[in-house]
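Scroll down for the structure; my scribbles are underneath it.
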Amino acid sequence: MQKPKTTKKFSLGYFIWMGCNYVISIGFLGNFAVLSNLDRRDAIGIHVLWLIPLLGFVVGMCAYACAKLARVHHSHNNGGAYIYVRTSCGRFWGIFVAFMQYVSLPFLITFQILNLIRTSFGAEWVSTISRDSAGHITNIVVPWYAANWGSFGDLWLDLIGIIIYLIFSFVIFGGLKLYKKITNSMGIIRYVTAGLLILAGLVLACQHGNANLHYWTTNSHGTLNGYIKAFNSCFYFFTGFEIFATTGRNIAYAKRNISWGIIIVLLLNILTHVVIALIFFAAFRSFYQNMNMGTWNGFHNPIILIGGAVMMIISTIALKINLVVQDNLYGGTSLQPLAREGFLPTSLKKLNRDGLPTRAIRLNIVLTLGIIFIWLIIPDLIKGITLTCQDGFMCTLQDNLRYPQPLNVSSLTASSSAITIFIYLMVIFVVLKLGLQQKLKMRMWEWIIFPVISVILGVTLFWHYYSLIHDLVILQGAQFNSKLIGVVVELFFISGVSLFIIIWYFTYYHRQYHHRLQTNPAYQTWLNQEFMLIDDWNFVQTKICKILSDYLNRHENINRDCQSHRRVLLQLRHKLRCDLDQHQQLEEQENEKDYEE
């Protein structure tokens, strides 16, 4: 067997850059078209601004929980939350969280493909639409780059996005050098163009003075359903650290750098969201679902209108290419540890010389295409067939606008958030469990905050699925049909994934597990050691030493054999440390077996 070549792993600085590239964007502004525009049901207007720090605090505590767990688990392996839950809650909940953590990635890719072409060029997404007080359309301004391709227009645009996804999904197979070049170059492009977009928002905000902010503060109201809907939908834009933290094998000093990287990226993300949101509330009285393009409609100079649109097209493509390349890496690193333990075929655990799980990445591409078919292609086909039957194959834009979108930017992000909230709840549960077992140091304020965060997340998760059913009850006509499609797709997907995990665990994995116990019990024993707390030895050693030291202190005056006790204590320390060193050496030797020969 060839030993793997030593490759330069991601440093803390590059890990932070990679995380910022993955989670920080200005795409969240499109959500305000659904959540804040005052003509929308349950709109909360500018109140979304104070939700951002609240979201940052809640997600920040979840990130803090992950950072605490990263220091006491085998974070140098791939897996992230899977490792934490598997260690404390057993195999079943480990695989359940691992698959849920994985399926959140295709959600992200679906959202990215939606934003790649459809929201950038679809006429119903980029046109400026004026409505009267009753909500009826009075005027439509269609920009020059809009694609109005009839009843199946969404399908054609999404297919183009899928083709682009497939082309760039294979970049990761070129190795870490090519991966870094692509992500760095695309990251620079997106940040330069995003800076210009923010500058455009600043110019428009200065032109309007405080008029727009006065409009929002005067007319914004809120409902409980609106606040929870906004919380759940915007929650998506603060998550992602649990995904890019799965690449433990490619990060130098993983236990330290993962924890610091998660916290720094999240703080930068919160600051960016607050500043950008405030600028665009001052610049606009109504948001578009694609603010990248819609922002330039505020200018009347034709050069700026065309130049800004072209620049945003380049920015959008660069952003999505960057995310596609990263998602394939994270998808592979989420699947690879499952193969390592036998939840998936063992051939998927192999790593190439760069430490990349190429076989798992190939499977990730196939599974992602299947999920894209469920979340994008099926609703596109239903919409196209419905409009063709009602208005013909080449329906007008007005006909298209009368068909409510079953899945929009807000609904997709809310669905992804629901899965992520479940993962965070499991992570916080692990923190509390280890704290109760005295295997993790917990401060008094942590005992208060973590249960409160759990209640907030639990209520949000419950309300998300409650509102799905509630909307079906109160809506009628075309809105009911459209909402029904969205609800059926989401509930079918979540229940289908959960059922698959249960069946797969009690059939495939159990058979593999019992076979391994009979044929190779030593390997299973070694696997189980990977799901032990790294600090367990230190904890036990410290506990024993403290007990003996307390005994010696209490009986120092009456115990004449004090030195003998201290000698036993030193021998015990030496033995425990030798056992720990031997365990680490065996771990390094077994890790080499994951590399391809």
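The values are calculated or read from the model by the stated rules, or taken from the named source; none is laboratory data. Given the structure is predicted, the values throughout are model-derived calculations rather than measurements. So basically every Cβ, Gly included, is an ideal-geometry build from the backbone, and we count neighbours across all protein chains shown.
Take the conditions surrounded by fewer than 21 Cβ atoms within 10 Å (Cβ to Cβ), assigned to a helix (DSSP H, G or I) and in contact (Cβ under 8 Å) with a residue 24 or more places away in the chain and apply them to Leu202. Does it pass?
Numbers: surrounded by fewer than 21 Cβ atoms within 10 Å (Cβ to Cβ): yes; assigned to a helix (DSSP H, G or I): yes; in contact (Cβ under 8 Å) with a residue 24 or more places away in the chain: yes.
Yes; evaluated as a whole, the condition is true for this residue.
Within the range 439-457, how many residues are over 18 Å from Ala81 (Cα atoms), free of Cβ contacts under 8 Å to residues at least 40 places away in the same chain and not aromatic (Phe, Trp, Tyr)? Can you show your working first?
Our first condition is that a residue be over 18 Å from Ala81 (Cα atoms); within the range 439-457, this holds for 441-449, 451-452, 455-456.
Adding the requirement that they be free of Cβ contacts under 8 Å to residues at least 40 places away in the same chain leaves 441-448, 451-452, 455.
With not aromatic (Phe, Trp, Tyr) added as a condition, the list becomes 441-444, 446, 448, 451-452, 455.
Final tally of qualifying residues: 9.
If the requirement is being touching a helix residue (DSSP H, G or I) at 6+ places or on another chain (Cβ under 6 Å) and among the small types (Gly, Ala, Ser), which of these qualifies: Gly201, Gly209?
Values: Gly209 fails: touching a helix residue (DSSP H, G or I) at 6+ places or on another chain (Cβ under 6 Å).
Result: Gly201 is the single residue among Gly201, Gly209 that is touching a helix residue (DSSP H, G or I) at 6+ places or on another chain (Cβ under 6 Å) and among the small types (Gly, Ala, Ser).
Can you tell me which residue in the range 330-342 is nearest to Ile502 (Cα to Cα), limited to those that are surrounded by 24 or more Cβ atoms within 10 Å (Cβ to Cβ) and hydrophobic (A, V, I, L, M, F, W, C)?
Leu338
Out of the residues in the range 84-110 that are touching a Lys or Arg at 6+ places or on another chain (Cβ under 9 Å) and either at pLDDT below 75 or more than 18 Å from Ile419 (Cα to Cα) (or both), which is surrounded by the most Cβ atoms within 10 Å (Cβ to Cβ)?
Ser88
Which of the numbered conditions does Gly153 fail, given that it passes all the others? Conditions: (1) in contact with a Lys or Arg (Cβ under 7 Å, 6 or more places away or on another chain); (2) buried (at least 21 other Cβ atoms within 10 Å of the Cβ).
Of everything listed in (1) in contact with a Lys or Arg (Cβ under 7 Å, 6 or more places away or on another chain); (2) buried (at least 21 other Cβ atoms within 10 Å of the Cβ), Gly153 misses just condition (1).
So the check is Cβ under 6 Å with 6+ separation or different chains; which pairs have a first residue in the range 340-358 that's closer than 23 Å to Tyr179 by Cα and of a type in the set (D, E, K, R) and a second one that's at pLDDT below 80 and not in a helix (DSSP H, G or I)?
The qualifying pairs are Lys350/Glu596; Arg353/Pro4; Arg353/Lys5; Asp354/Thr7; Asp354/Gly175.
Before we move on, is Tyr424 closer than 30 Å to Phe111 by Cα, crowded, with 17+ Cβ neighbours inside 10 Å and either touching a Phe, Trp or Tyr at 6+ places or on another chain (Cβ under 9 Å) or not small (Gly, Ala, Ser) (or both)?
On the way: closer than 30 Å to Phe111 by Cα: yes; crowded, with 17+ Cβ neighbours inside 10 Å: yes; either touching a Phe, Trp or Tyr at 6+ places or on another chain (Cβ under 9 Å) or not small (Gly, Ala, Ser) (or both): yes.
So Tyr424 fits the description; yes.
Can we say Asn297 is modelled with pLDDT under 80 and either surrounded by 16 or more Cβ atoms within 10 Å (Cβ to Cβ) or not in a helix (DSSP H, G or I) (or both)? I'd like the intermediate steps shown before the answer.
Values: modelled with pLDDT under 80: yes; either surrounded by 16 or more Cβ atoms within 10 Å (Cβ to Cβ) or not in a helix (DSSP H, G or I) (or both): yes.
Against the criterion (modelled with pLDDT under 80 and either surrounded by 16 or more Cβ atoms within 10 Å (Cβ to Cβ) or not in a helix (DSSP H, G or I) (or both)), Asn297 qualifies.
Scan the range 404-433 residue by residue and report those that are modelled with pLDDT under 90 and over 19 Å from the mean Cα position of the chain (by Cα).
Residues satisfying the conditions are Pro404, Gln405, Pro406.
Residues are listed down the side, and each one gets a yes or a no for (1) modelled with pLDDT of 85 or more; (2) buried (at least 19 other Cβ atoms within 10 Å of the Cβ); (3) of a type in the set (Val, Ile, Thr):
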site	(1), (2), (3)
Pro4	no, no, no
Leu12	no, no, no
Asn21	no, yes, no
Phe32	no, yes, no
Leu38	no, no, no
Ala65	yes, yes, no
Val72	no, yes, yes
Tyr82	no, yes, no
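Would you be able to tell me the number of residues in the range 269-289 that are within 14 Å of Leu202 (Cβ to Cβ) and among the β-branched types (Val, Ile, Thr)? Please lay out each step first, then the result.
Going residue by residue through the range 269-289, those that are within 14 Å of Leu202 (Cβ to Cβ) are 275-284.
This time we only want the ones that are among the β-branched types (Val, Ile, Thr), so: 275-276, 279.
The number of residues fulfilling the criteria is 3.
I'm trying to understand the selection: among the residues of the range 179-191, which are surrounded by 14 or more Cβ atoms within 10 Å (Cβ to Cβ) and either of a type outside the set (Val, Ile, Thr) or over 14 Å from Asp327 (Cβ atoms) (or both)? I'd like the intermediate steps shown before the answer.
Narrowing the range 179-191 to residues surrounded by 14 or more Cβ atoms within 10 Å (Cβ to Cβ): 179-180, 182-184, 186-187, 189-191.
Correct list: Tyr179, Lys180, Asn184, Met186, Gly187, Ile189, Arg190, Tyr191.
List the helices (runs of 4 or more DSSP H) inside the range 69-161, counting only whole elements, that have at least 1 residues being closer than 24 Å to Ala318 by Cα. Explain how you work it out, then say what you get.
Details: elements: 81-89, 91-113, 123-126.
Hits in the range 69-161: 91-113, 123-126.
Here is a list: Ile129, Ile117, Ile113, Ile140. Which entry is at pLDDT below 85, touching a strand residue (DSSP E or B) at 6+ places or on another chain (Cβ under 9 Å) and buried (at least 24 other Cβ atoms within 10 Å of the Cβ)?
Details: Ile129 fails: buried (at least 24 other Cβ atoms within 10 Å of the Cβ); Ile113 fails: touching a strand residue (DSSP E or B) at 6+ places or on another chain (Cβ under 9 Å); Ile140 fails: buried (at least 24 other Cβ atoms within 10 Å of the Cβ).
Residue meeting the stated conditions: Ile117.
Can you name every residue in the range 359-389 that is buried (at least 19 other Cβ atoms within 10 Å of the Cβ), more than 25 Å from Lys177 (Cα to Cα) and modelled with pLDDT of 80 or more?
Ile372, Leu376, Pro379, Asp380, Lys383, Gly384, Leu387
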